[in-house]
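**Student:** Got a structure for you, questions after.
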Amino acid sequence: MEKLNFKFEATQPIDKPVHVGVVASGDLEVIMRPTESKDATLAIVTGSDGFGEVWNNVLTRFFARYPLQADFQINDFGATPGVVNLRLTQAMEALNDEE
Amino acid sequence: MERLEPHTLVKISSVEQVDTDEEIPEWVSTIFKVATYVIVRRGPQEGKIPVGIRGYEKYQRFAGWIAAKDIVKTITPGETVAYLNSVSGIRAKLPAFRVANKVIPLLKGYEWGIGGSLQFELATGLPMVKQSSDLDIIMQRPQTKMEISTAKELLESLKIIAGTHADIQIVNGQNGFSLEEYVQQRSSKMMMKTEHGPQLVMDPWEI
């Protein structure tokens, strides 16, 4: 088990918390909360150690496209980069879901 | 060529039959000396079949491809359940094996099987299951859509048996989704793992 922290410049504040994904093997959950900070901050707990650089690549690409100003908590259970990207995109889309 | 479903365990003859661009790690050669098994991964099966190799440790995962002609034997997750009887002694006392035996009556009427480290140990006899291993349940998608209330009840009973968090993966050919995600209904779409990577879908029972 490894804990990773990242910070990215962000410009788009969010107005509500979002929770997507599940705790299942090959998957992850993303919890996104509004923040006072001017950045996107991420706290990641992952069951697969040694993938810090892969995370950095996936996240850099995501925040370049969607600079969401939020506090992210991610619990990962060995998701592939494709699944990580899909869950982040889903969290972003969920901001627009009707209540 | 008959298509193999993801999670099918395949016996081949040697490590040379695994096609890969990468260097084969030492642990792969080590485990292949005692068990020449690979697991079918999701992905197109045109010409070659995508497979994964697992080692004793969680980080030991290696991806490659095999040719259909090299298949000696296949074992599906469903076929693995019958092998639970053969687990004895201290291995049978491991939490994941105890849970597996207890879920059999709960899942009666469903077409289901066992994946992950339990499947591997049941098929090969190698001690792959750890104290911390979870039971990976893989269920063939029932013909009629499961009501959310039914799915919720099923998962709640499963969690009581497991004494911890538990989920079921529902599969239909190469497609697979989490029953827990279906029950939670956290957002309008949910994830479906497919032959061509993960996708967000509105209704996982329609695809």
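The values are calculated or read from the model by the stated rules, or taken from the named source; none is laboratory data. These figures come from a predicted structure and were not determined experimentally. Neighbour counts are summed over all protein chains in view; Cβ atoms, including those assigned to glycine, are modelled from backbone coordinates with ideal geometry. Quick note on the areas: whole protein, heavy atoms, side chains included, nothing else; ligands and nucleic acids left out. Shrake-Rupley method; radii C 1.70, N 1.55, O 1.52, S 1.80 Å.
**Student:** Mind telling me which of the residues B:Glu22, B:Glu79 ends up being under 21 Å from B:Asp167 (Cα atoms) and acidic (Asp, Glu)?
**Tutor:** Details: B:Glu22 fails: under 21 Å from B:Asp167 (Cα atoms).
B:Glu79 is the lone residue from the list that is under 21 Å from B:Asp167 (Cα atoms) and acidic (Asp, Glu).
**Student:** Then there is this: In region B:40-51, is there at least one residue being within 24 Å of B:Ile138 (Cβ to Cβ) and touching a helix residue (DSSP H, G or I) at 6+ places or on another chain (Cβ under 7 Å)?
**Tutor:** For region B:40-51, residues within 24 Å of B:Ile138 (Cβ to Cβ) and touching a helix residue (DSSP H, G or I) at 6+ places or on another chain (Cβ under 7 Å): present.
**Student:** Would a scan of region A:72-85 turn up a residue that is more than 29 Å from B:Glu195 (Cβ to Cβ) and either among the hydrophobic types (A, V, I, L, M, F, W, C) or surrounded by 14 or more Cβ atoms within 10 Å (Cβ to Cβ) (or both)?
**Tutor:** Step one: filter region A:72-85 for residues more than 29 Å from B:Glu195 (Cβ to Cβ), giving A:72-73.
Add one more test, that the residue is either among the hydrophobic types (A, V, I, L, M, F, W, C) or surrounded by 14 or more Cβ atoms within 10 Å (Cβ to Cβ) (or both), and what stays is A:72-73.
Looking through region A:72-85, at least one residue is more than 29 Å from B:Glu195 (Cβ to Cβ) and either among the hydrophobic types (A, V, I, L, M, F, W, C) or surrounded by 14 or more Cβ atoms within 10 Å (Cβ to Cβ) (or both).
**Student:** Is there a residue being open to solvent by less than 30 Å² (accessible area, probe 1.4 Å), in a strand (DSSP E or B) and hydroxyl-bearing (Ser, Thr, Tyr) anywhere in region B:59-77?
**Tutor:** no
**Student:** Go through region B:134-207 and tell me which strands (runs of 3 or more DSSP E), entirely inside it, have 3 or more residues that are touching a helix residue (DSSP H, G or I) at 6+ places or on another chain (Cβ under 6 Å) and within 12 Å of another protein chain (Cβ to nearest Cβ). Break it down stepwise before answering.
**Tutor:** Numbers: elements: B:136-140, B:168-172, B:175-178, B:190-194, B:197-201.
Passing ranges, in order: B:197-201.
**Student:** Here is a check on your reading of the model: is A:Ile14 hydrophobic (A, V, I, L, M, F, W, C) and more than 10 Å from the chain's Cα centre (by Cα)? Spell out how you get there, then give the answer.
**Tutor:** Working: hydrophobic (A, V, I, L, M, F, W, C): yes; more than 10 Å from the chain's Cα centre (by Cα): yes.
Spelling it out, A:Ile14 is indeed hydrophobic (A, V, I, L, M, F, W, C) and more than 10 Å from the chain's Cα centre (by Cα).
**Student:** Also, quick follow-up: Given the criterion within 13 Å of another protein chain (Cβ to nearest Cβ) and under 13 Å from the mean Cα position of the chain (by Cα), identify the matching residue among A:Leu86, A:Leu42.
**Tutor:** On the way: A:Leu42 fails: within 13 Å of another protein chain (Cβ to nearest Cβ).
Sole residue among the options that is within 13 Å of another protein chain (Cβ to nearest Cβ) and under 13 Å from the mean Cα position of the chain (by Cα): A:Leu86.
**Student:** Here is a follow-up. Going through region A:39-67 one residue at a time, which ones are closer than 10 Å to A:Phe8 by Cβ and part of a strand (DSSP E or B)?
**Tutor:** A:Asp39, A:Ala40, A:Thr41, A:Leu42
**Student:** Going by the structure shown, is A:Val54 under 24 Å from B:Gly176 (Cβ atoms), surrounded by fewer than 15 Cβ atoms within 10 Å (Cβ to Cβ) and within 14 Å of chain B (Cβ to nearest Cβ)? It would help to see each step written out before you state the result.
**Tutor:** Details: under 24 Å from B:Gly176 (Cβ atoms): yes; surrounded by fewer than 15 Cβ atoms within 10 Å (Cβ to Cβ): yes; within 14 Å of chain B (Cβ to nearest Cβ): yes.
For A:Val54, the condition - under 24 Å from B:Gly176 (Cβ atoms), surrounded by fewer than 15 Cβ atoms within 10 Å (Cβ to Cβ) and within 14 Å of chain B (Cβ to nearest Cβ) - is met.
**Student:** Let me ask something else about it. Just give me the residues in region B:104-122 being more than 14 Å from every other protein chain (Cβ to nearest Cβ), buried (at least 21 other Cβ atoms within 10 Å of the Cβ) and either more than 25 Å from B:Asn172 (Cα to Cα) or in contact (Cβ under 8 Å) with a residue 40 or more places away in the chain (or both), in sequence order.
**Tutor:** Filtering region B:104-122 for residues more than 14 Å from every other protein chain (Cβ to nearest Cβ) gives B:104-113, B:121-122.
Cutting the leftovers down to buried (at least 21 other Cβ atoms within 10 Å of the Cβ) gives us B:112-113, B:121-122.
Residues satisfying the conditions are B:Trp112, B:Gly113, B:Leu122.
**Student:** Ok, one more. For region A:6-13, check the following and say yes or no: at least one residue is touching a residue at least 60 places away in the same chain (Cβ under 8 Å), surrounded by 19 or more Cβ atoms within 10 Å (Cβ to Cβ) and away from chain B (no Cβ under 14 Å).
**Tutor:** Restricting attention to region A:6-13, the residues satisfying the condition of being touching a residue at least 60 places away in the same chain (Cβ under 8 Å) are A:10.
Narrowing the set further to residues that are surrounded by 19 or more Cβ atoms within 10 Å (Cβ to Cβ) leaves A:10.
So of that shortlist, the ones also away from chain B (no Cβ under 14 Å) come out as A:10.
Within region A:6-13, one or more residues are touching a residue at least 60 places away in the same chain (Cβ under 8 Å), surrounded by 19 or more Cβ atoms within 10 Å (Cβ to Cβ) and away from chain B (no Cβ under 14 Å).
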